[in-house]
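Have a look at the structure below before the remarks.
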Amino acid sequence: MTKNRLITTALVAAMSLGAISCKDQLDVGNPNSPSATPKSENAILQLATGGVYWNGLSNGDGWLGNSYFSLPMGYNELLADNVGASASNNQVTTIAQPAYIILDDGTKRLNTSPTTGIIRTYNNRASTGGGNNALHYQWLNMYALNNAMNNVLSIVEGIDYPTDAADKIATISAWCYFWKGFAYSSIGTKYVAGLIVNEYGEKSSNYVSHDVVVAEGDKFYDLAASTLDGISDEGVYSDILGKIIPSHMQTGLGNPMSIDEFKRFINTMKARNLMYNKLAPYVNGVVGGSITGSMMSGAMTAADWDNLITLTKNGIRKGDNVLTGRTIGFNDFFTAGGGTVAVLTANPARTSTFKPSERSLQNFKVGDKRFTRNFVASDAYSNDYVYGVRYSLLDHNNVSSEPAGVAGAWIYANKAVGEFELYLGATYEENDLMLAEALIRKGGVSNILDAVTLIDGVRSYMGAGLTALATGPALTQAQAMKELSMEKRVAMLYRGVSFYDHRRWGWTYDIANGGGSYGNTVVLGSQINTNVTINYAFMDYWDVPANEIVLNPADGSSAPVVNPNFN
């Protein structure tokens with residue numbers, strides 16, 4: 001990592017966000033001076049704020065959109081086949097092109113430029129500077145976040161706190177530990193290897209495998225939770241957290257979490273780490289199956305599913321506050337019109353960056369009010385299957401009237417300032433759908449009934465208006481799994497996590513290795529196919545980006561920095 005750049009960014013970013021959260025200036029002086037450290041309580045709070053929202057979640061370097069939730073999460077949505085893209089910016093058109101598809105009539109369409117080759121062709125420093133290295137952005141954001149939190153932790157105990165120093169230090173430290181856990185989890189879940197850097201400005205050339213990085217994420221999540229347990233006065237904690245989180249974000253589910261809510265939030269984030277980094281194949285309608293050539297940390301065991309059940313039963317509850325983002329119209333870490341995948345998809349004329357994918361839309365059940373409220377039919381767009389689609393996603397800032405009976409149904413996109421609630425991590429819906437899958441995998445009539453009741457609960461919460469599964473005929477394990485996989489794609493649409501489900505279910509692996517996706521809808525102009533086989537053959541974990549590995553070559557004990565299963 002480029003040490004000086006990250007140090008400077010951490011300080012300047014915090015000063016920028018100070019205009020939102022507080023009128024006082026951050027007293028850091030010259031950021032290149034060794035003595036340029038905050039001295040006051042207000043200063044350390046602004047540094048804790050800016051380090052997250054600007055260093056980690058914004059860090060916009062002129063890419064597509066303007067935050068971590070636009071391009072980095074945009075790649076995830078492309079790889080999940082939730083959106084397509086026809087623009088050439090940042091390789092968004094090429095990144096999610098599969099190896100081949102087989103249409104309803106048996107016609108096989110080959111991709112002569114497989115995505116792995118494209119990714120590696122542009123994984124160089126020149127392409128990074130030109131905005132064409134897809135591997136660069138998520139790595140940049142997350143190590144900037146990690147280093148910014150290292151900075152805060154390095155000075156938090158040396159601040160002059162007028163009162164309640166121990167609880168204030170614990171609150172700020174827990175905040176930093178959580179975000180370090182978030183950063184390591186993001187890196188380890190996406191890249192084949194990463195760096196463990198836990199001292200501010202430290203440099204390491206020892207790349208460790210992705211599962212070690214994920215374990216480091218869990219370590220810091222646990223440290224955050226244990227630090228929260230040591231707080232004696234929750235009123236002090238609430239006051240400090242309320243000062244760290246910008247005030248305009250403290251609405252909806254974005255109000256400061258109680259200590260118990262924060263700990264439940266951490267449990268769900270740990271459940272993500274467990275679930276998204278182990279295989280749990282669901283191939284061609286079958287629970288089970290075999291995937292080879294995987295870099296994932298083995299397959300989920302019975303003990304893993306039990307652990308997941310424990311985490312999610314102690315995870316986010318409906319109505320819990322979580323970490324969210326909102327826009328205010330100035331100094332935002334993401335913009336209302338360009339900071340998220342959802343708003344970059346929303347456009348009735350489909351002239352937006354992303355287009356809805358027919359593969360995502362096929363998961364809405366007939367009568368689902370979420371579909372009726374958010375998507376409008378129009379002429380088929382394009383003969384290219386990746387972004388050939390018959391529907392547009394609506395921007396609810398520009399909806400003059402809505403169909404009858406959809407009030408209360410979920411809204412996916414709204415470009416009005418302050419209206420869109422951006423989830424920075426997991427939510428109740430994701431927690432309960434993870435729990436539902438674990439119960440389905442355990443099997444048995446009682447577990448499956450409990451699982452479909454959870455699915456019903458998510459659908460009700462999101463205003464789907466669908467008939468409850470639990471009141472109908474008992475479902476088999478395979479039937480319940482199909483309902484779960486469909487609902488997970490609908491509920492998590494545009495949130496950047498669906499790719500990880502598709503990977504662990506085996507869908508993104510080469511058909512030759514037991515993967516593939518079946519029964520897909522593909523629109524080619526006027527031709528509508530409904531039983532298409534797709535061989536994505538995507539890399540499961542991305543190589544380390546060139547801007548890191550070239551400037552910071554791996555030492556002799558490092559794990560592979562190039563995914564060895566994709567040549």
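Bear in mind that the values in this text are calculations on the coordinates, not laboratory data. Owing to the predicted nature of the structure, the values given are computational and were not obtained by experimental measurement. Counting neighbours? That spans all protein chains shown, and the Cβs are built from the backbone with ideal geometry, glycine included.
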Given Cβ charges of +1 for Lys and Arg and -1 for Asp and Glu, the option among Phe178, Ala303, Asn123 whose Cα lies farthest towards the positive end of the dipole of the chain is Asn123
With only helices counted (DSSP H, runs n ≥ 4, each -39500 (n - 2.57)), the per-residue ellipticity at 222 nm for the chain, to the nearest 500, works out to -12500 deg cm²/dmol
For Glu402 and Tyr461, extending 7 Å from Cα along the Cα-Cβ vector and measuring point to point gives, in nm, a value of 1.9
Taking 0.36 nm per residue of separation between Ile155 and Thr530 and subtracting their Cα-Cα distance, the length gained on full extension comes to 129.2 nm
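How large is the charge dipole for region 231-287, taken about the Cα centre, if only the Cβ atoms of Lys, Arg (+1) and Asp, Glu (-1) carry charge, to the nearest 20 debye?
Numbers: 6 positive and 5 negative charges, 84 e Å.
I would put it at about 400 debye.
Place a +1 charge on the Cβ of each Lys and Arg in the chain and a -1 charge on the Cβ of each Asp and Glu, then give the dipole magnitude about the Cα centre in debye, rounded to the nearest 20. Kindly include the intermediate steps, with their values, before the conclusion.
Details: 41 positive and 50 negative charges, 237 e Å.
Dipole size: approximately 1140 debye.
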On the formula 1/(1 + (r/R0)^6), with r taken between the Cβ atoms of Ala303 and Asn513 and R0 of 35 Å, the FRET efficiency rounded to 0.05 is 0.85
Straight-line reach check, Lys318, cutoff 27 Å on alpha carbons, 8 or more apart in-chain or any other chain, hits among lysines -> Lys180, Lys219, Lys243, Lys263, Lys270, Lys278, Lys365, Lys369, Lys415, Lys442, Lys482, Lys488
With label points set 7 Å from each Cα along the Cα-to-Cβ direction at Asn89 and Val212, the distance between them in nm comes to 3.7
Taking GluC sites (Glu not before Pro) as exposed when in a DSSP loop with at most 13 other Cβ atoms inside 10 Å, the chain has its longest clean stretch at 203-567
Given a Förster distance of 45 Å, the FRET efficiency implied by the Cβ-Cβ spacing of Thr310 and Leu551, rounded to the nearest 0.05, works out to 0.60
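Considering only DSSP beta bridges with both partners in the chain, what is the antiparallel share in %, to the nearest 5? Each step should come with its number before you reach the end.
Values: 25 of 30 bridges.
Around 85 percent of the beta bridges assigned by DSSP in the chain are antiparallel ones.
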The farthest towards the positive end of the charge dipole of region 1-543, of the residues Tyr68, Phe262, Gln250, given +1 on Cβ of Lys and Arg and -1 on Cβ of Asp and Glu, is Tyr68
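Under a Cβ-only charge scheme (Lys and Arg +1, Asp and Glu -1), can you give me the dipole magnitude of region 355-468 about the Cα centre, in debye to the nearest 20? Intermediate values should be presented prior to the final figure.
Numbers: 11 positive and 14 negative charges, 46 e Å.
Approximately 220 debye in magnitude.
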If R0 = 41 Å, then Ala349 and Ile328, at their Cβ-Cβ distance, give a FRET efficiency to the nearest 0.05 of 0.90
Along the dipole axis of region 396-515 (charges at Cβ: +1 for Lys and Arg, -1 for Asp and Glu; origin at the Cα centre), the most positive-end residue among Ser485, Ile411, Val458 is Ser485
